[in-house]
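As structure tokens, the structure follows; a few thoughts come after it.
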Amino acid sequence: MKKIRKAIIPAAGLGTRFLPETKAVPKEMLPVVDTPTIQLIVEEAKASGITDILIIIGRNKRNIEDHFDSNPELEANLARKHKDKMLKAVQETNGMNIYFIRQNHPDGLGDAVSTAKSFVGDEPFVIMLGDDIAKADEPLTKQLINCYEATGESTLAVMRVPHEDTAKYGVIAPTKEIKPGLYDVDSFVEKPDPKDAPSDLAIIGRYLLTPNIFDILADTKPGKGGEIQLTDAIDTLNKTHKVYAHELVGSRYDTGNKFGWLKTNIEYGLEHPEVKADLREYIKQLGQKLTEEDQK
Ligand code: G1P
């Protein structure tokens, strides 16, 4: 069985749910306390044994490239001043091989993934979406790799969502739970209307796929929203090669919309050594104030 070494991170989206912030700043560079979300994703990849990453970017995304470049001047300055913690923070993703490609004609997630064909070659690989982050004892990507090592088949990550939210996600139609949290799947449906949703198990942004997905993507017609949908290609793949769904063990945060981003920052802030005590105190006081206001 081939070792999973490669990941791709599609980060070419326009970030329209976050305007005006995303006019010039890629949504993947929005901070979670002090770290860009895309760095958290690269750190998850590193902690899962991934060594090579292709980031798919578009226009206006150049500062993602800058972020993963080394900054010798800054590093020398921090070293000279013995600011070891800060130096460690800027070197966190050193040692990873990070490549970039531009998606010239953005036409949906499936189209973005297609641009990674020659990077991936004939190895199974991981797709990590740039605005989904998962907090878990075992990194979510590693959870998928463990499933792959047990079954030898493609697996994607799912979690339960409120039924009315199914229209925001790819949703699976599970046939049976083969072992706790691992599902055999009949079909994969992109953003179904809640009345047609086959379950409440939604695809979250981690996929471990075999490379035959690329031939399928090349033949996939535009689907929901007139775009080439990765979910549709996975549904086709599942007809000839199994694609399992693994239910996330941990919590998932969507940093790609305003409320999701605020919640993520509060929850990560409550665990951040520099701010957690102050933030906790502030939230308590704010909670009291809001309760008093509501009682008036
Ligand atoms: C994409 C996928 C969808 C998936 C979601 C997870 O949608 O198309 O299947 O459930 O990511 O975040 P997007 O959020 O880019 O609209």
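The values are calculated or read from the model by the stated rules, or taken from the named source; none is laboratory data. What you see is a predicted model, and the numbers here were worked out from it, not measured in a lab. Every residue, glycine among them, receives a Cβ derived from its backbone with ideal geometry; neighbour counts consider all protein chains shown. Side chains are part of the model used for accessible areas, which takes the heavy atoms of the whole protein and leaves out ligands, DNA and RNA. Shrake-Rupley method; radii C 1.70, N 1.55, O 1.52, S 1.80 Å.
Kindly sort His246, His241 by accessible area of their heavy atoms, largest first, with the probe set to 1.4 Å. Could you put the intermediate results ahead of the total?
Numbers: His246 25, His241 80 Å².
Per-residue accessible area, sorted high to low, gives His241, His246.
How many Å² of accessible area per residue for segment 1-41, probe 1.4 Å?
Numbers: 1920 Å² over 41 residues.
Ligands and nucleic acids excluded, the result is 47 Å² per residue.
Along its principal axes, what span do the Cα atoms of segment 60-121 show, with the longest given first and each in whole Å?
Principal axes ranked by extent give 47, 26, 15 Å for the Cα atoms.
Can you say what percent of the DSSP beta bridges in segment 1-123, counting only those with both residues inside, are antiparallel? Round to 5.
Details: 2 of 13 bridges.
Of those bridges, close to 15 percent are antiparallel.
Which length gain, in nm to one decimal place, applies between Arg80 and Glu149 when the Cα-Cα distance is subtracted from 0.36 nm times their residue separation? Numbers along the way, then the final one.
On the way: separation 69, 0.36 × 69 = 24.84 nm, distance 4.49 nm.
Contour length minus Cα-Cα distance gives 20.3 nm.
Kirkwood Rh and Cα-based Rg: tell me the resulting Rg over Rh for segment 201-264, rounded to two decimals. It would help to have the intermediate numbers written out before the result.
Numbers: Rg = 14.4 Å, Rh = 13.8 Å.
Across segment 201-264, the Cα-based Rg/Rh ratio is 1.04.
List the residues whose amide H sits under 5 Å from the amide H of Asp186, counting only those 5 or more places along or on another chain, with H placed 1.01 Å from N in the peptide plane.
HN-HN under 5 Å from Asp186: Ala173, Thr175.
To the nearest 10 square angstrom, how much accessible area does Phe259 have with a 1.4 angstrom probe?
Counting only protein heavy atoms, the figure is 130 Å².
Report, to the nearest whole %, how much of the accessible area of the chain belongs to carbon and sulfur atoms, 1.4 Å probe, protein only.
Details: 7970 of 15510 Å².
That share works out to 51 percent.
Magnitude of the Cβ-charge dipole of segment 1-100, K/R +1 and D/E -1, about the Cα centre, nearest 20 debye? Numbers along the way, then the final one.
Details: 16 positive and 13 negative charges, 46 e Å.
The dipole of segment 1-100 has a size of about 220 debye.
Could you tell me the number of lysine pairs in segment 105-180 with C-alpha atoms less than 24 Å from each other, where the two lysines are 8 or more residues apart or belong to different chains?
Numbers: Lys117/Lys142; Lys135/Lys168; Lys135/Lys179; Lys142/Lys176; Lys142/Lys179; Lys168/Lys176.
The number of close lysine pairs in segment 105-180 is 6.
Taking all protein chains together and a probe of 1.4 Å, list Arg59, Arg17 from the most accessible to the least accessible.
Details: Arg59 165, Arg17 130 Å².
Output order, biggest surface exposure first: Arg59, Arg17.
Below 8 Å between Cα atoms, with a sequence gap of 6+, how large is the relative contact order for segment 2-132 in percent? Write out the running numbers ahead of the final one.
Values: 173 pairs, mean separation 56.4, N = 131.
Relative CO of segment 2-132 lands at 43 percent.
Give me the Debye-computed log₁₀ of I(q)/I(0) at q = 0.12, 0.13, 0.17 Å⁻¹ for the chain, equal point scatterers on Cα only, no solvent, two decimals.
-0.82, -0.95, -1.53
Hey, can you grab everything whose amide H is under 5 Å from the amide H of Ile55? Only 5+ residues off in sequence or another chain; H modelled, so Pro and N-termini drop out.
Ile9, Tyr99, Phe100, Ile101
Counting alpha carbon pairs within less than 8 Å and at least 6 residues apart, what relative contact order, in whole percent, applies to the chain? Write out the running numbers ahead of the final one.
Numbers: 521 pairs, mean separation 63.2, N = 296.
Relative CO of the chain lands at 21 percent.
For the pair Asn104 and Val275, how long in nm is the line joining their label points, each one 7 Å along Cα→Cβ?
About 4.1 nm, to one decimal.
Rounded to whole Å and sorted largest first, what semi-axes of the equivalent ellipsoid does the C-alpha gyration tensor of segment 10-133 yield via the square root of 5 times each eigenvalue?
Working: eigenvalues 135, 69, 31 Å².
Square roots of five times the eigenvalues give 26, 19, 12 Å.
May I ask you to rank Ser251, Ser48, Ser187 by accessible area, largest first, using a 1.4 Å probe over the protein chains only? Intermediate values should be presented prior to the final figure.
On the way: Ser251 50, Ser48 10, Ser187 30 Å².
Largest accessible area first, the residues go Ser251, Ser187, Ser48.
Binned at 10 Å from 0, what are the whole-percent values of the Cα-Cα distance distribution for segment 149-205, short to long?
Distribution as computed: 25, 55, 18, 2 percent.
If you roll a 1.4 Å probe over the heavy atoms of the protein chains, what accessible area per residue do you get for segment 94-220, in Å²? Please report the intermediate quantities before stating the final value.
On the way: 5370 Å² over 127 residues.
Ligands and nucleic acids excluded, the figure is 42 Å² per residue.
Which percentage, to the nearest 5, of the DSSP beta bridges contained in the chain is antiparallel? Walk me through the numbers on the way to the answer.
On the way: 26 of 44 bridges.
Roughly 60 percent of the DSSP beta bridges within the chain come out antiparallel.
Give the whole-number value, in cubic angstrom per residue, of the convex hull volume spanned by the C-alpha atoms of segment 100-251.
Numbers: hull volume 17.5 nm³, N = 152.
Considering the Cα atoms of segment 100-251, their hull volume per residue is 115 Å³.
Measure out, as a whole number of angstrom, how far apart the alpha-carbon centroids of segment 131-158 and segment 93-129 sit.
18 Å
Using 7 Å Cα-to-Cβ label points, what is the Lys289/Asp184 separation (nm, one decimal)?
5.6 nm
State the Cα centre-to-centre distance between segment 168-207 and segment 1-49 in whole Å.
Cα centroid to Cα centroid, the span is 24 Å.
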